[in-house]
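**Q** Mind looking over this structure? Questions follow.
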Amino acid sequence: GVAGYNLAPLENIELNNIKSMAEAAEVYSTTDDKYTPYLCNGGVIGRNGASLHNIHASNLEIIASSPVEKDVAFLGSGGMVGFCFSSTPPTLTQCSVDQCTVKGYRAGGIIGYNYSASLIGCAATNVDIYSNLCCGGLIGFNYQGKNIFGCYSTGKVAITSDLTDKEYLYAGGLIGKGGTTIEVSYSTCDVTNPSE
């Protein structure tokens, strides 16, 4: 929506009617010569490394996909940000998405794959989040993300994989997979995970 790869703080932005699709037709392992390390797709930013403030996006359709049997190390699909990482952890404050459909290997209403960011006062409302690995109303995969404070999500979160024998399919109203400190936050998402 704004940037494929962002390293500068952004604030006071409003976007709507964003449709974005990123697809890896083939995915190679880290030992192969051809390696696809990043596939990041977000309604506002694909890969983000800076703080965001007062950014609002609505009516979004964001898809990042790869062959289901292969993993892309940093594949993320998010309503706001696909993949968030910086050695100086960024903070997303007063950011929101509304009327948002996100599909991806790691899919979230705000961030698909969160490596280091904090969320403060953020909201993902009326979202439909689908993943074949992990998905959450706010964050799909929270690897080393920091605090979540004063945030909420509404809508649907669902694992769509038929690989129900796998032990690592995760879905949650706020976070699909990964720990962090969560305070004064809630979700009313309808969460579906067919795995045991």
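**Q** Scan the range 134-154 residue by residue and report those that are over 10 Å from the mean Cα position of the chain (by Cα), of a type outside the set (Val, Ile, Thr) and surrounded by 24 or more Cβ atoms within 10 Å (Cβ to Cβ).
**A** So the first thing to find is which residues in the range 134-154 are over 10 Å from the mean Cα position of the chain (by Cα), and the list is 143-154.
Subsequent filtering for residues that are of a type outside the set (Val, Ile, Thr) retains 143-147, 149-153.
Scanning the range 134-154 gives Gly145, Cys151, Ser153.
**Q** Across the range 22-45, what is the number of residues that are under 17 Å from Ser131 (Cα atoms) and at pLDDT 90 or above?
**A** 3
**Q** Out of the residues in the range 155-170 that are open to solvent by 30 Å² or more (accessible area, probe 1.4 Å) and in a strand (DSSP E or B), which is modelled with the highest pLDDT? Show your work before the answer.
**A** Restricting attention to the range 155-170, the residues satisfying the condition of being open to solvent by 30 Å² or more (accessible area, probe 1.4 Å) are 156, 160, 162-168, 170.
After this cut, where a residue has to be in a strand (DSSP E or B) as well, the list is 156, 170.
On the way: Lys156: 98, Tyr170: 92.
Once the filter is applied, the top-ranked residue is Lys156.
**Q** Could you please find all residues in the range 70-121 being over 13 Å from Ser51 (Cβ atoms) and hydroxyl-bearing (Ser, Thr, Tyr)?
**A** Hits for the range 70-121 are Ser77, Ser87, Ser96, Thr101, Tyr105, Tyr113, Tyr115.
**Q** Also, I was wondering about something else. May I ask you to list the residues in the range 104-122 that are among the aliphatic types (A, V, I, L, M) and open to solvent by 10 Å² or more (accessible area, probe 1.4 Å)?
**A** Taking the range 104-122 first, the residues among the aliphatic types (A, V, I, L, M) are 107, 110-111, 117, 119-120.
The one that is among the aliphatic types (A, V, I, L, M) and open to solvent by 10 Å² or more (accessible area, probe 1.4 Å): Ile120.
**Q** Moving to a separate point now. Within the range 174-183, can one find any residue that is charged (D, E, K, R), open to solvent by 10 Å² or more (accessible area, probe 1.4 Å), within 25 Å of Glu11 (Cβ to Cβ) and in contact with a Gly (Cβ under 8 Å, 6 or more places away or on another chain)? Spell out how you get there, then give the answer.
**A** Going residue by residue through the range 174-183, those that are charged (D, E, K, R) are 177, 183.
With open to solvent by 10 Å² or more (accessible area, probe 1.4 Å) added as a condition, the list becomes 177, 183.
Of the ones still in play, those that are also within 25 Å of Glu11 (Cβ to Cβ) are 183.
If we keep only those that are in contact with a Gly (Cβ under 8 Å, 6 or more places away or on another chain) as well, we get 183.
The answer is yes; a qualifying residue exists.
Here is a yes/no grid of residues against (1) in contact (Cβ under 8 Å) with a residue 40 or more places away in the chain; (2) of a type in the set (A, V, I, L, M, F, W, C); (3) closer than 21 Å to Ser187 by Cβ:
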{"position": "Thr93", "(1), (2), (3)": "yes, no, yes"}
{"position": "Ser96", "(1), (2), (3)": "yes, no, yes"}
{"position": "Gly109", "(1), (2), (3)": "yes, no, yes"}
{"position": "Asn114", "(1), (2), (3)": "yes, no, yes"}
{"position": "Ala124", "(1), (2), (3)": "yes, yes, yes"}
{"position": "Asp128", "(1), (2), (3)": "no, no, yes"}
{"position": "Gly137", "(1), (2), (3)": "yes, no, yes"}
{"position": "Ile148", "(1), (2), (3)": "no, yes, yes"}
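**Q** List every residue pair whose Cβ atoms sit under 7 Å apart, with the two residues 6 or more apart in sequence or on different chains, where the first one lies in the range 158-181 and is more than 19 Å from Lys103 (Cα to Cα) and of a type outside the set (Gly, Ala, Ser) and the second, anywhere, is at pLDDT 90 or above and open to solvent by 30 Å² or more (accessible area, probe 1.4 Å).
**A** Short answer, once both residue conditions are applied: Thr180/Asn147; Thr181/Asn147.
The values are calculated or read from the model by the stated rules, or taken from the named source; none is laboratory data. Not measured: the values here are computed from a predicted model. Cβ: placed from backbone, ideal geometry, glycine included. Neighbour counts: every protein chain shown. Note: areas computed on protein heavy atoms with side chains; ligands, DNA, RNA excluded. Shrake-Rupley method; radii C 1.70, N 1.55, O 1.52, S 1.80 Å.
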